[in-house]
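Data block below; observations after.
The values are calculated or read from the model by the stated rules, or taken from the named source; none is laboratory data. Worth saying up front: this structure is predicted, and the values here are computed from it rather than measured. Methodologically, a virtual Cβ is constructed for each residue, glycine included, from the backbone with ideal geometry; neighbour enumeration extends over all protein chains shown. With ligands, DNA and RNA removed, areas are computed over all heavy atoms of the protein, side chains included. Shrake-Rupley method; radii C 1.70, N 1.55, O 1.52, S 1.80 Å.
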Amino acid sequence: MNYYYQTGDGIHLELNDGKLKYEWISGPRKGKGNKDLPYRSRKIGHKMYIINWLEESHPDFMTLIFNFDNNVMYSSGILRFGSKNQFSVFDGGIIEDLTLVEK
């Protein structure tokens, strides 16, 4: 899927077999990303899911909530945690280009 934050920054996200891959597709971080990150997920309502993951290389801890009925998403995270550059994010965006692959 691709989703875009209210700032215009966009991400391409793939979830497959308990691993995620993402790449920034617009905004100042365009071209940056990571892959093969283990994530956890849970269904929390009708077409609503929550996922989270720890990205140790930064270190970042992110949580995303997806509402596929309304094609919106929300993010909450602590980035660069434990460092002098630590900051948090709390944002929302629009889901576009959603493709589900059945196994």
Quick check on the range 96-103. Is at least one of its residues open to solvent by less than 50 Å² (accessible area, probe 1.4 Å) and under 14 Å from ILE11 (Cβ atoms)? no
From the set of residues in the range 8-57 that are outside any strand (DSSP E or B) and under 19 Å from ILE78 (Cβ atoms), which is least open to solvent (accessible area, probe 1.4 Å)? ASP9
Selection within the range 51-100 - β-branched (Val, Ile, Thr) and without any contact (Cβ under 8 Å) to a residue 40 or more places away in the chain: ILE51, THR63, ILE65, VAL72, ILE78, VAL89
Which condition number does GLU56 fail, the rest of (1) within 25 Å of SER83 (Cβ to Cβ); (2) in contact with a His (Cβ under 7 Å, 6 or more places away or on another chain) being met? (2)
Give me the pairs: first residue in the range 29-46 and among the β-branched types (Val, Ile, Thr), second residue surrounded by 14 or more Cβ atoms within 10 Å (Cβ to Cβ), beta-carbon distance under 7 Å, and six or more apart or on different chains, which are they? ILE44/ILE50
